[in-house]
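Please treat every number below as a calculation from the coordinates, not as lab data. What you see is a predicted model; the values in this text were computed from it and never measured. Methodologically, a virtual Cβ is constructed for each residue, glycine included, from the backbone with ideal geometry; neighbour enumeration extends over all protein chains shown.
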Amino acid sequence: MVSRTGKKRVREVGATKRSTWEVIRRVSHYIKPYKWLAAGTIGCAVFSLSFAFVYPKLTSYIIDEVITKQQLEQLPWVMGCLLGAFFLREGFNSLRILINNYFEQHVIYDMRMDVYRRLQHLPVHYYDQRASGDLMTRVIEDVNNVERVLIDGTEQGTVAILSIVGVLVFLFSMSPVLAWVALIPVPFLIGGALAYTLTAHRRYRRHREASSAMNALLMDNLQGIRQIKAFCRQSHEDERFADRSEQLRQGSLGIMKAWALYSPSMALATSMGTGLVLWIGGRLVIEGSMSVGDLVGFVLFLGLFYEPIGRLHALNQMMQGARAAGERVFDILDAPVECPDRKGEFPAPVKGEVVYQSVHFSYGEDRKVLEDISLVAKPGEMIALVGPTGAGKSTIVNLLPAFYELQSGSILIDGVDIRQVKLESLRNQISVVSQEPFLFNGTVLENIQYGDLDAGSEAVVDAAKAANCHAFISALPEGYDSHVGERGVKLSVGEKQRISIARALLKDAPILILDEATASVDTVTEKLIQEALERLMEGRTSFVIAHRLSTIRHASQILVLKSGKVVEQGDHDELVARGGVYARLTQIQNTFSVEARFEQLSDC
Ligand code: ATP
């Protein structure tokens, strides 16, 4: 979605529905390399569980053999065994927690790195459709949710199933009648779990989407905090945030409400089971066919039977959350990367001849943004693009580094179609200096070095001198090690502009894309920027989106664009002599920007 000014507005995109099994299958791929850790954690859990079985057995023995038969001399060794079993149970439990966390963190790291790497290789149009906050939620929260829950789920689920089976064996060996009675609530438990699973996924999806929407708004607000303050829109933003928070609250409450009904119903069913066992077991004790100790032992084992069933319910709840989060994570991992089939390289050295042949382009909507654009830029030439706002100037230059794929026509560099070369090889030939330079939150040195990560500090200083920024950088408290803040907030627009020019100089690419800065800087700064740009353009094929006529007089070619079409093409003198749109633009006085001049031409 694009605003009137051409700036993109993003919306949250929902995730593709996937089954729980698909999510588990995909996650198991991440678990495989750490199968020994997985086995270790399950092994510890099984040991811990087996020592837990000692407790009901010994309790039954204490009641029947020690208390009833008054053999108090046996008490010390029985208590010793009990204590030993407790120590071993908790020892294995502690080891299980350690191994499990280690395992979990490895898997989360791997998956998060995969998602991040994928994001780096997704095409620009993928980002046009999505809010950054939504993507951040997927990389941070959703990866955590899907992994933690599934890993805990695998471990706890396996242990729960093993303990249910193990305890059942004990129960049937102690009293088959009571064991069957204990199984009476099981069909209700299964039915309840199915009913919950069928509806929980929808609730979790809503919850994840609400969380993502809130994060997206928060990120947008933090980035636009100056605008919010300048327009005094705090209360308006409060309302918007409250609305998203409310949706998240409703989403969380929806999950809690269902859980509040489901969990106690299941606990009630198991309590009924215990009640039935006590009722029938009590009769068996009175009839003399069972000892008190065996009944107590049976009831204690029953706790070990119903407890893992309860844990399976909790896991079922977590699994539905993991499924919703997994859908969002795997959507990123399954999104097609940009231009995967390109294999070629440009033969070095690249001279920088650029040819556009009958290029047509649209951003996926019906409306054509570029129609039949053709041009030839010889190595070292400057091509200026002028036109009213929205005419397609940025789109033309964005096609050169393949930020968007061509729909028809072709673009050649040194005679090689850009669709035949790897993106890295293509983008290494092009430097981009944009109207609003983006600086990363790091030092000045790191920001300039971004143009060539291997450049030493001497090369950085040389580039900074050529970009007319060495003097102001040296005057900063920590010189080149000064931090520029988020997006370079601690620097002025003119300073940021010159740092970005230094970065491009360091990259030393044969082709340059330059979106001329329109921000009003003082005349001294403007002169410094202009000088730096001239040095940058020297010997490079440059595409300049010109916002001032003064800067393009010496351009080898000027393309005048209107609604995605080239309406005039030639150098300054030719276009003035032709007496068309460009000539009329030059006649308009007292107007700084090209766009403002266009607005004054009634037919543009
Ligand atoms: P300006 O001088 O205002 O920057 P421009 O001449 O550079 O404008 P472009 O940015 O190329 O114009 O935009 C050309 C058209 O394409 C505009 O109508 C704009 O709304 C649309 N457009 C630009 N970027 C996108 C995008 N990412 N997705 C969809 N439409 C877009």
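Just the Cα atoms of segment 20-334: what Rg and Dmax do they give in Å?
Every Cα atom of segment 20-334 included, Rg and Dmax give 25.3, 86 Å.
Rounded to the nearest 5, what % of the DSSP beta bridges within the chain are antiparallel ones?
On the way: 19 of 37 bridges.
In the chain, approximately 50 percent of DSSP beta bridges are antiparallel ones.
Calculate the length of the line joining the C-alpha centroid of segment 60-118 to that of segment 277-347, in whole Å.
19
Taking every eigenvalue of the Cα gyration tensor of segment 437-508, multiplying by 5 and rooting it, what semi-axes result, largest first, whole Å? Present the calculation step by step, with values, prior to reporting the outcome.
Values: eigenvalues 50, 31, 26 Å².
The three semi-axes for segment 437-508 are 16, 12, 11 Å.
Sort 69-82, 546-559 by packing, meaning the average of other beta carbons within 10 Å per residue, with the highest value first.
Numbers: 69-82: 11.3, 546-559: 18.4.
The peptides rank, most packed first, as 546-559, 69-82.
Which helices, counted as full DSSP H runs in the chain, have an axial Cα extent of no less than 15 Å and a Kyte-Doolittle average of -1.0 or above? Please report the intermediate quantities before stating the final value.
Details: long enough: 20-31 (16 Å, -0.17); 35-52 (25 Å, 1.32); 75-120 (67 Å, 0.18); 143-174 (45 Å, 1.18); 186-223 (54 Å, -0.14); 234-287 (77 Å, -0.07); 292-334 (60 Å, 0.57); 493-507 (21 Å, -0.04); 523-537 (21 Å, 0.00).
Both cut-offs are met by 20-31, 35-52, 75-120, 143-174, 186-223, 234-287, 292-334, 493-507, 523-537.
Could you sort the peptides 313-326, 126-139 by per-residue average Cβ neighbour count (10 Å cutoff), highest mean leading? Each step should come with its number before you reach the end.
Working: 313-326: 23.4, 126-139: 19.1.
Result, highest mean Cβ count within 10 Å first: 313-326, 126-139.
Using the per-residue mean of other Cβ atoms lying within 10 Å as a proxy for protection, in what order, highest first, do the peptides 435-443, 471-479 fall? Mind showing how you got there, number by number?
Working: 435-443: 16.1, 471-479: 13.6.
Per-residue mean Cβ counts within 10 Å order the peptides as 435-443, 471-479.
Please pull out the direction-averaged projected area of segment 444-586, using the convex hull of its alpha-carbon atoms, in nm² to one decimal place.
Numbers: hull surface 39.1 nm².
If you wrap the Cα atoms of segment 444-586 in a convex hull and average its projections, you get 9.8 nm².
Report the far tail of the P(r) of segment 217-327, meaning the percent of Cα-Cα pairs longer than 19 Å.
Numbers: 4100 of 6105 pairs.
Of all Cα-Cα distances in segment 217-327, 67 percent exceed 19 Å.
Which percent of the Cα-Cα distances in segment 213-256 go past 13 Å?
For segment 213-256, the share of Cα pairs beyond 13 Å comes to 56 percent.
Regarding the chain, what whole-number volume in Å³ per residue does the convex hull of its Cα atoms give?
Working: hull volume 126.2 nm³, N = 604.
Expressed per residue, the convex hull around the Cα atoms of the chain is 209 Å³.
Which of the lysines could be linked to Lys343 by a straight reach, that is with a Cα gap under 26 Å, when you skip same-chain ones fewer than 8 residues away?
List returned: Lys351, Lys378, Lys422, Lys507.
Say each of Ser94 and Ser50 gets a label point 7 Å from the Cα, pointing the same way as Cα to Cβ; how far apart are those two points in nm?
2.1
Treating cross-link reach as a plain straight distance, find the lysines whose alpha-carbon is under 22 Å from the alpha-carbon of Lys57, omitting any fewer than eight places away in the same chain.
The qualifying lysines are Lys69.
Which value results when the Cα radius of gyration for segment 301-451 is divided by 2.2 N^0.38 Å?
On the way: Rg = 24.9 Å, N = 151, 2.2 N^0.38 = 14.8 Å.
Relative to the rule-of-thumb radius for its length, segment 301-451 sits at 1.68.
What is the sum of charges, Lys and Arg at +1 and Asp and Glu at -1, for the other residues whose Cβ falls under 15 Å from the Cβ of Gly415? Mind dumping the intermediate values first?
Working: positive: Lys351, Lys378, Arg419; negative: Glu345, Glu353, Asp414, Asp417.
Here the count lands on -1.
Roughly how compact is segment 404-449, stated as its Cα Rg over 2.2 N^0.38 Å to two decimals?
Here the answer is 1.58, to two decimals.
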